[in-house]
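The values are calculated or read from the model by the stated rules, or taken from the named source; none is laboratory data. If you're wondering where the values come from, they're calculated on a predicted model, not measured in any experiment. Glycine gets a Cβ as well: all are built from the backbone with ideal geometry, and neighbour counts include every protein chain shown. To get the accessible areas, we keep the full protein, side chains included, count just its heavy atoms, and leave off ligands, DNA and RNA. Shrake-Rupley method; radii C 1.70, N 1.55, O 1.52, S 1.80 Å.
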Amino acid sequence: MPYYRSSGDVPAKRHTVHTVGGDRAHEELMGEDGFSGPSTLLYHRHSPAALLAIEAVETPDLGLEANLPVRPHHLRTTELSDAPDANAVEGRLPLLANGDLRLSYCRFSLTSPLYRDAVGDELAYLHRGEARLETQFGSLSLREGDYAVIPRGAVHRWLPESPCEVLFLEATGHVRIPARYLTAEGQLREGSPYSERDVRGPEGGPPQVDAEAVPVLVRTQAGLTRHILANHPFDVVGWDGCIYPWAFSIHDFEPIVGRIHQPPPVHQTFAGDHFVVCSFVPRPYDFDPSAVKIPYHHANVASDEVLFYAGGDFMSRSGSGIGAGSISVHPAGFVHGPQPGSYERSLDATRTEELAVMVDTFRPLELTRAARSISDPDYPRTWLRPTR
């Protein structure tokens, strides 16, 4: 986040001796861009670097292949097999990936192991259920429709409070608020589709656990490793800075509407390195008497477009088989738009009730073996179907 927070017990000056209960606290700097970007200082009761053991973890082959021949896909997540013993870290099923991000889907009902993603920030969208995200900074209570941004390097675990379904975006860089929404000082501007009041930071501090030989699963560019720490990484007594996990509900996104159809960038919610994330929420339709209310056909000549359909009525996709839980992939080089009959159905409509998350990537996405197994083979021909 671009603004400062402080939580718990921190000293008056940085990099000075800080005692807690008579013992010296161990200072940890979590920073971006070397030492020149945003940072946070955390104060541990024990050394966060004390390792008892390092274990190799097998990294599964995802079967990634280029989308060639170039074709659109409809990935039906409802056809994924349930895994009753799944957790939010080891149960993720990667579907799409390139050098900038990996998009996964996960159904889980068990508490995850402690996890640190050292590759990039993570963005999670909670589609179903309720969960608590415990981190070194404190806890975030998450419910359906919440986004959670987890900064690179933050140790965390997922504790579901009901069966959950989550769309995970694992970046190789950062997930930020779009620059055009921010003032030069980092405050969200007037007219932005959300404000600081909509953002929830971690609460309560981390759960204080006196534990030894604590396993933490670590993801790096090379794969997975398990670190056995001498002490629990949640032994943080205080922290301050501008890097921390935060949550924001898609239902708090304020849509921008107009007399004539507005282009997709008005729905942008997050910015990443070579990708953007947009939120489509219920909103009034365009109100000019001659306005074409449905999206126009468009050619993605510079990006792959991925849409996760979370809920509501997808009138422009009626007849395509798209529904809640569907993921459409419209690659660069493919012209796409509304299904046949959508214009006629929109004539008397005054608003749309759709709820969807869009990810536009500016480098081609590859599909995993799992994605190809749930791809509707008839989807590329759905624009040929007659009006219903």
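Put a dot 7 Å past the Cα of D61, heading toward its Cβ, do the same for Q208, and the two dots end up 5.0 nm apart.
Which shape class, rounded, prolate or oblate, goes with segment 66-120 when its Cα gyration tensor gives a ≥ b ≥ c as root eigenvalues, a/c under 1.5 marks rounded, and past that a/b bigger than b/c marks prolate? Cα axes put segment 66-120 in the oblate bin. At the listed q of 0.11, 0.13, 0.19 Å⁻¹, the Debye profile of segment 98-217, built from one uniform point per Cα, gives log10 I(q)/I(0) equal to -0.42, -0.58, -1.17.
The trypsin sites (Lys or Arg not before Pro) of segment 1-92 that meet both conditions, a loop assignment by DSSP and at most 13 other Cβ atoms within 10 Å of the site Cβ, are K13, R14. The phi torsions of segment 340-355, fed into the Karplus equation with coefficients 6.51, -1.76 and 1.60 and a -60° offset, translate into couplings of x, x, 5, 4, 5, 5, 8, 4, 9, 7, 10, 7, 10, 10, 5, 9 Hz, rounded to whole numbers, with Gly and Pro shown as x. Quick check on segment 89-138: take the gyration tensor over C-alpha atoms, sort the square-rooted eigenvalues as a ≥ b ≥ c, and tell me if it's rounded (a/c under 1.5), prolate or oblate. In terms of gyration-tensor shape, oblate. Calculated on C-alpha atoms, the gyration radius of segment 21-106 divided by its Kirkwood radius gives an Rg/Rh of 1.13. In the chain, taking the dipole from charged Cβ atoms about the Cα centre, the farthest positive-side position among A271, A299, A324 is held by A299. When peptides 57-68, 274-285 are ranked by their average number of other Cβ atoms within 10 Å per residue, the highest-first order is 274-285, 57-68.
When Rg and the Kirkwood Rh are both derived from Cα coordinates, the Rg/Rh ratio for segment 182-234 amounts to 1.24.
When the solvent-accessible area of the chain is split by element, carbon and sulfur atoms take up 52 percent of it, the probe being 1.4 Å. What is the distance in Å between the Cα centres of segment 16-91 and segment 224-239? If you average the Cα positions of each part, the centres end up 12 Å apart. Think of each Lys and Arg Cβ as +1 and each Asp and Glu Cβ as -1; about the Cα centre, that makes the dipole of segment 229-301 roughly 380 debye.
In this calculation the C-beta distance from Y343 to V70 is compared with R0 = 45 Å, giving a FRET efficiency of 0.95. For segment 1-103, applying the loop criterion from DSSP together with a ceiling of 10 other beta carbons within 10 Å to the chymotrypsin sites (Phe, Trp or Tyr not before Pro) yields F35.
At 7 Å along Cα-to-Cβ for each site, give me the label-to-label distance between I228 and L182 in nm. Each label point is offset 7 Å from its Cα along the Cβ direction, giving 4.1 nm.
A convex hull fitted to the Cα coordinates of the chain yields 144 cubic angstrom per residue. Since only F234, A211, V155 are under comparison, the one whose Cα sits farthest along the positive direction of the charge dipole of the chain, derived from C-beta charges on Lys, Arg, Asp and Glu, is V155. For segment 247-378, dividing the convex hull volume of the Cα atoms by the residue count gives 122 Å³ per residue. For R259, neighbours were defined as the other residues whose beta-carbon sits under 15 Å from its Cβ, and their charges (Lys and Arg +1, Asp and Glu -1) total +1.
Label sites at Q221 and H261, each approximated as a point 7 angstrom past Cα along Cα to Cβ, lie 4.1 nm apart.
Couplings 3J(HN,Hα) for segment 199-207, derived from phi with the Karplus relation 6.51 cos²θ - 1.76 cosθ + 1.60 (θ = phi - 60°), are 8, 10, x, x, 10, x, x, x, x Hz, where x marks Gly and Pro. In a DSSP loop and with at most 11 other Cβ atoms within 10 Å, the trypsin sites (Lys or Arg not before Pro) in segment 184-245 are R189. Proximity of backbone amide H atoms, modeled 1.01 Å from N, is registered between V155 and Q136 at under 5 Å, excluding neighbours fewer than 5 places apart on the same chain.
One way to sum up the overall shape of segment 303-363 is the equivalent ellipsoid from its Cα gyration tensor, whose semi-axes run 21, 14, 10 Å, largest first. Inter-part distance, segment 132-197 to segment 282-349, computed on C-alpha centroids, equals 27 Å. Roughly what % of Cα-Cα distances in segment 172-317 sit above 18 Å, to the whole percent? Taking all Cα-Cα pairs of segment 172-317, the fraction more than 18 Å apart is 72 percent.
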